[in-house]
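Presented below is the structure to which this report refers.
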Amino acid sequence: MRAVALVVIACGAACGGGTDAPDAAGRDAGAAPDGTVDAGITDDGPTRYPAGAERSPVTPAVVARLRAIAAAGPAQRDDVFLKAGASGTVSARFLWCLAGPAHQPGYVIDLDGRAALEPTLAHFRAGLVDGDTPFDRATLAAEVGRTAAWALAGDPSPLAQELAATTPRFAFVNYGTNDMEAAASYGAALAPFWRNLNALLDQLEAAGVVPIVTGLNPRADDAEAARWVPTWDSVTRALAEARQVPYLSLYVASSPLADQGLGGDGLHGNVYVDPGGGGDEPCVFTAEGLGFNYNVRNLRSVELLDAARRVVVAGEAAPDAPVVPALAGEGTAAAPYVIDTLPFTHAGDTRGGEAARDGYPACDAGQDESGPERTYALHLDAPAALRFVVLDGDAPGAEVDVDVHVLVDGACVERADRLVDRTLPAGDHLVVVDTFGAAAGAYALVIQPCEPGDPACGS
């Protein structure tokens, strides 16, 4: 069988995961000013989120999902949002400046011609909680150095406390950097992060709160961590894509900036400073201001918030068309899903799949892979070092356990419960997500080109 031809370029951080070189503002060639691309593609299923865009498109499929979430919480306040995260969310550089002169008179707000955002700013400035706007409220669901697991711990948890205090309709959620350090390796930390962030988003959605998920900053504090960030970015995007909720990639947005948009510690974002001797100005959205991390983050965040308010509260039509065509194939051996771009993400489910393979004798130790599987086809025009990640989570009342298998010339060359790093030759290959025993269920598959200089990835 033959998939579409695909040339894999294992580019570094400057590529931002896209297929074209980014411009000076960090966007892919052809991208709109808000970081999306309008390709005029029909929205005929779940929207796929492009790896090279700073933010995900808000399409008709996404709009339907956001409205369904909101319908679960009719009592939530439409003019309030919650903030959940760690140091990047605690920082007064994140959104506080948008509270306006009545609440934060020390900041300059320069929308640089983006007057269409003014109604959304006014809308949320009116949503006071204990005298503060959602922009400058000191949230109970964010603390320096914390992980997604922390937000869920305790009775009541920090998340539950902030939900009760604010009754929000929307929520900015940003975890990952500290979660990377929460296991013996960055790869081992992915599965706990996936489970915890999913559980956090489950709680928000059950309350009728629409999440806006934000990914990780680049890292310059540690070379190995820096090489893993693109994988974590893809995993976080895959999670948002599976749920069809908005996603902001700080990695894509910040990587092309000077010093990757990072401060002196190589970990936290930098900010535009008033050249006249004033202080931080994270709400200056001129071309000069958007050369800094927090300025880009604040603009992209409020753009996503604006889109969410318009479609959920005001009932407006979806502002974006899909960017990536619907995934081709049926996930069977005869008609596999086609891996048409790298990095690649897909939310799948082995339930309902075919059970054509009981095992993989070339690379397993007799594991029971008799459950249903989903098959993917990958064509490479040149050899490529790739990372394959499969993440699952238990369904209500049932364990889910799926494994990833990489096949070359029809024979399995490597399998794993979660992660395979492998260099593949040019040619046609298969990736099979198969069920261990009877534990079929939902999963996410991420295929990430290895970063240059990574001694482990692709080995």
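The values are calculated or read from the model by the stated rules, or taken from the named source; none is laboratory data. Note that the coordinates shown come from a computational prediction; the quantities given were computed from them, not determined experimentally. All Cβ positions, glycine included, derive from the backbone under ideal geometry; neighbour counts span all protein chains shown.
Some notes on this structure:
- Going through (1) under 20 Å from the mean Cα position of the chain (by Cα); (2) within 22 Å of residue 450 (Cα to Cα); (3) surrounded by fewer than 24 Cβ atoms within 10 Å (Cβ to Cβ) one by one, residue 259 falls short only on (1).
- Taken together, the residues in segment 422-433 that are under 22 Å from residue 189 (Cα atoms) and buried (at least 20 other Cβ atoms within 10 Å of the Cβ) amount to 1.
- Only one of the numbered conditions (1) more than 19 Å from residue 205 (Cβ to Cβ); (2) among the aliphatic types (A, V, I, L, M); (3) touching a Ser or Thr at 6+ places or on another chain (Cβ under 7 Å) is not met by residue 173, and that is (1).
- First in segment 231-243 and at pLDDT 95 or above, second anywhere and in a helix (DSSP H, G or I), Cβ under 7 Å, 6 or more apart: 232/180; 233/251; 235/190; 235/194; 239/194; 239/197; 239/198; 243/201
- Residues in segment 442-459 that are of a type outside the set (A, V, I, L, M, F, W, C) and modelled with pLDDT of 95 or more: 443, 448, 449.
- Considering only residues in segment 279-307 that are touching a residue at least 24 places away in the same chain (Cβ under 8 Å) and in a loop (DSSP other than H, G, I, E, B), the one that is surrounded by the fewest Cβ atoms within 10 Å (Cβ to Cβ) turns out to be 287.
- Consider segment 181-206 and keep the residues that are surrounded by fewer than 21 Cβ atoms within 10 Å (Cβ to Cβ) and of a type in the set (A, V, I, L, M, F, W, C). The one that is farthest from the chain's Cα centre (by Cα) is 184.
- Just one of the numbered conditions (1) surrounded by 20 or more Cβ atoms within 10 Å (Cβ to Cβ); (2) touching a residue at least 60 places away in the same chain (Cβ under 8 Å); (3) over 17 Å from the mean Cα position of the chain (by Cα) is not true of residue 133: (2).
- In segment 92-130, the residue that is nearest to the chain's Cα centre (by Cα) out of those that are under 23 Å from residue 169 (Cβ atoms) and among the acidic types (Asp, Glu) is 118.
- Residues satisfying the stated conditions in segment 115-153, i.e. touching a Pro at 6+ places or on another chain (Cβ under 9 Å) and part of a loop (DSSP other than H, G, I, E, B): 127, 128, 134, 139, 140, 141, 143, 146, 147
Condition check ((1) surrounded by fewer than 21 Cβ atoms within 10 Å (Cβ to Cβ); (2) under 25 Å from residue 82 (Cβ atoms); (3) of a type in the set (Gly, Ala, Ser)) across all residues:
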residue: 213; (1), (2), (3): no, yes, no
residue: 221; (1), (2), (3): yes, no, no
residue: 226; (1), (2), (3): yes, no, yes
residue: 248; (1), (2), (3): no, yes, no
residue: 253; (1), (2), (3): no, yes, yes
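- Cβ pairs under 9 Å, 6+ apart, first in segment 256-267 and in the same structural domain as residue 218 (by TED's automatic domain parsing), second among the acidic types (Asp, Glu): 256/23; 262/221; 265/221; 266/221; 266/222; 266/259; 267/221; 267/222
- Single residue of 385, 365, 398 found to be in contact (Cβ under 8 Å) with a residue 40 or more places away in the chain and out of contact with any strand residue (DSSP E or B) (no Cβ under 9 Å at 6 or more places or on another chain): 398
- Test: residue in segment 390-405 that is in contact with a Cys (Cβ under 9 Å, 6 or more places away or on another chain) and modelled with pLDDT of 95 or more: yes
- Residue within segment 318-331 that is in a loop (DSSP other than H, G, I, E, B), touching a Phe, Trp or Tyr at 6+ places or on another chain (Cβ under 7 Å) and assigned by TED's automatic domain parsing to the domain that holds residue 54 present: no
- Single condition residue 326 does not satisfy, out of (1) aliphatic (A, V, I, L, M); (2) closer than 17 Å to residue 444 by Cα; (3) in contact with a strand residue (DSSP E or B) (Cβ under 6 Å, 6 or more places away or on another chain): (3)
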